[in-house]
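The structure follows.
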Amino acid sequence: KFWNADDVTWTNEGLATIGLYAHQMENAKVQAEKYEKEINQLTIDYNKGLYSESEYYEKLNELKDGQYGAIKLYEDSGKAIHDLAKDHADYVKEGIEREIDALDELITKKKEALNEDKSSRDYKRSVEEKQKEITDLELQIAALANNRDAKSMGEKARLEAQLATAKQELEDLQYDHSVDAQLKALDAYGENFRKEKEAIIEEQEKYLEDEDAVLKDMFDLAQVNSDEIGHTLLAT
């Protein structure tokens, strides 16, 4: 493989492949320039009368065929490097998209768990409030049966009940606010994460459009890793 699956860094084989293509491009460029000089010299010699017309065109065609082959090798090697870089970028892109999907799934599960916990707590609180309401009614009926003066005691009980209800309402309000804040934070984190990764993908796609920049970077990469490339090529 040309790159490691985990951190998508180039393997020795990948670096060696880049180096080989880069070497082919350099040699092809030298050959194409050499053919160009020979063609120019042939024309000069022909004009001097050193070759007949048939000899000139025969040699010219041979040189042009060689030059075309060198140019084609240069272009094919460059395209191979660019294709390799694009495949690498596509792999990185796919990995980023998998990260986004995994995060989306995680956030969805966390939100579902939070909503489920909130619903469960709301249900429990509703049951408790209904039970309290029933108990209060039962106590009121029992108090009426005794028919005693309980004005002070009743007032105290009423105030204590109001205080307990107020505290519970405050706790519920704070809890609901906490859940809403966590849900919003998860949404914001997921959105920011997606934007960051999509920006990386967009940057990679724009980078690949500049073939000259890609080739230069690949040449630089091959030069920096020339020792590893040499060892890998010798081992194959």
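With a 1.4 Å probe and every protein chain left in place, tell me how much accessible area LYS118 has, in Å² to the nearest 10.
Accessible area of LYS118: about 50 Å².
Choose one answer from TYR68, TYR91, TYR207: the residue with the largest mean-square fluctuation in a GNM of the chain with alpha-carbon springs under 10 Å.
Result for the chain, Cα springs under 10 Å: TYR68 fluctuates most.
Under a 10 Å cutoff between Cα atoms, tell me which one of LYS86, LYS206, LYS111 has the largest fluctuation in the Gaussian network model of the chain.
Evaluated over the chain, the most mobile residue of the options is LYS206.
Do the sum for the chain: with -39,500 (n - 2.57) for every DSSP H run of n ≥ 4, divided by all residues, what is the mean residue ellipticity at 222 nm, to the nearest 500 deg cm²/dmol? Walk me through the intermediate numbers first.
Values: 5 runs with 213 residues, N = 236.
That calculation yields -33500 deg cm²/dmol at 222 nm.
Follow-up. Any idea of the accessible area per residue across the chain, 1.4 Å probe, to the nearest Å²?
Details: 17120 Å² over 236 residues.
Ligands and nucleic acids excluded, the figure is 73 Å² per residue.
Here's another thing I want to ask about it. Which residues in segment 94-128 place their backbone N less than 17 Å from a point set 7 Å from the Cα of GLU196 along the Cα-to-Cβ direction?
Once the point is set 7 Å along Cα→Cβ of GLU196, 95-107 turn out to lie under 17 Å by backbone N, inside segment 94-128.
Also, quick follow-up: For segment 221-229, in order, what is each residue's ³J(HN,Hα) by Karplus, 6.51 cos²θ - 1.76 cosθ + 1.60 with θ = phi - 60°, in whole Hz (x at glycine and Pro)?
With coefficients 6.51, -1.76 and 1.60, one gets 4, 5, 5, 4, 9, 4, 5, 5, 5 Hz.
Here is a further query. Could you give the length gained by full extension between LYS206 and LEU234, i.e. 0.36 nm per residue of separation minus their alpha carbon distance, to one decimal place?
Numbers: separation 28, 0.36 × 28 = 10.08 nm, distance 3.56 nm.
Computed gain between LYS206 and LEU234 is 6.5 nm.
Continuing with this model, one more query. How much of the accessible area of the chain, probe 1.4 Å, is carbon plus sulfur, in whole percent? Don't skip to the end; give the middle numbers.
Numbers: 9010 of 17120 Å².
Using a 1.4 Å probe with all protein chains present, the chain comes out at 53 percent carbon and sulfur.
What accessible surface, in Å², does a 1.4 Å probe find on ASP136, ignoring ligands, DNA and RNA and rounding to the nearest 10?
60 Å²
The values are calculated or read from the model by the stated rules, or taken from the named source; none is laboratory data. No experiment lies behind these values; they were computed from the predicted model shown. All Cβ positions, even for glycine, are placed from backbone atoms using ideal geometry, and neighbour counts span all protein chains on display. Side chains are part of the model used for accessible areas, which takes the heavy atoms of the whole protein and leaves out ligands, DNA and RNA. Shrake-Rupley method; radii C 1.70, N 1.55, O 1.52, S 1.80 Å.
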